[in-house]
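The values are calculated or read from the model by the stated rules, or taken from the named source; none is laboratory data. Every value quoted in this text rests on a predicted model; they were computed, and no experiment measured them. Virtual Cβ from ideal backbone geometry, glycine too; neighbours counted across all protein chains shown. Only protein heavy atoms, including side chains, enter the accessible area calculation; ligands, DNA and RNA are left aside. Shrake-Rupley method; radii C 1.70, N 1.55, O 1.52, S 1.80 Å.
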Amino acid sequence: MEPYFRPVADLHTHTLASPHAYSTLTENATAAAALGMVAIACTDHGPKTGDGMHPWHFSNMKILPDRIAGLRHLRGIEVNVCDFKGSLDLNETRLKDMEIVIASMHGGTMPYGTPEQITEAWLAVAENPLVDIIGHCGTPEFAAHYEAIIPAFGRGGKVVEINEGTFRVRRHSLENCARIAQLCKQHEVRVVVNSDAHYHEQVGQLGNAIALLAEAEFPQELIINSSRERFEEFLKEKQLVL
Ligand SMILES: [Zn+2]
Ligand SMILES: [Zn+2]
C-alpha cells in the first residue's frame, strides 16, 4: 500500500556526540540520502541534559558543510525547556546561529509540575522566536492543557512534532499524541514527522508517525516535510534554502 506521504526530511536526529546515541553525522546523512530525502537536521541535546553537548558543539557547527552525503544538512539542537518560565539551556546568540531549534522537555532537566505549570512553560516557548519545533510534547510526565498550548503554538508559528521515537521508547504517550494531532488539525497548526534517531538505521523511519497522521486524516498541506515544495516553503520562512 502506498504510504500517506513520503517524508522528504528528518529534522530530529542524534549522533554519537551524545554518549547515548551511536552513529556519526555522516552515517545519519547517508541513511537519509538512501531513502531519497533532501535534508537532515542534526539535533543533539542541549548542555543541561546529563550527557548534553558542551555549548562549543553548537557554536562550532559553522565549520560543517551545508551538504553532507548529497543532501542539505541543517545545523540544529534539541534544546531543553528548563523551568516553568520556558527558559532554554543555550543562550540566545548561539541559538540564533542554529538552523533548526527543537524545544523539548526531559526528565532531569525540566522539573515535573502540575499541568498548569507545564502549560505556562509551553505558552512561553510558543512566544519564543528562536524556537522552530515543539519536540514530543505528549509525554504524560509533562502533561499540559493541550487545548490551550496547541493553538498558541500555531499563533507563534511553531511546528508540532509527531515523534517516531515515541513509538519505541515513550509508548505511554501515544494517547496524548493522537489527541495532539487532532487538535493540530482542528486549529490548523503545522506538524512535522521526525525519527528522533539514536542510530543511523532509525533515520527516516517514520512509519508509525505517518500512520498516526493518516488515521487522523491529517491535511498534508499542514505537514511541513510531506513534500519538497512544502519543506522549501518552511525553509523560506526562515530565510534558508535547500
Ligand atoms: Zn527528546
Ligand atoms: Zn531527541
Does Arg179 satisfy the condition of being out of contact with any strand residue (DSSP E or B) (no Cβ under 6 Å at 6 or more places or on another chain) and farther than 27 Å from Ala31 by Cα? yes
Of everything in region 215-235 that's charged (D, E, K, R) and assigned to a helix (DSSP H, G or I), which residue is nearest to Ile180 (Cα to Cα)? Glu215
Exactly one of Glu175, Glu201 is open to solvent by 10 Å² or more (accessible area, probe 1.4 Å), part of a helix (DSSP H, G or I) and touching a residue at least 40 places away in the same chain (Cβ under 8 Å), and that one is Glu201
Suppose we filter region 88-142 for residues that are in contact with a helix residue (DSSP H, G or I) (Cβ under 8 Å, 6 or more places away or on another chain), within 16 Å of ligand 1 (Cβ to nearest atom), at pLDDT 95 or above and among the hydroxyl-bearing types (Ser, Thr, Tyr); how many remain? 1
Might you let me know whether region 170-180 holds any residue that is modelled with pLDDT under 95 and closer than 23 Å to Gly76 by Cα? yes
Does Gly138 satisfy the condition of being touching a Cys at 6+ places or on another chain (Cβ under 6 Å) and over 17 Å from Leu11 (Cα atoms)? yes
Scan region 157-180 and tell me whether some residue there is small (Gly, Ala, Ser) and within 22 Å of Asp83 (Cβ to Cβ). yes
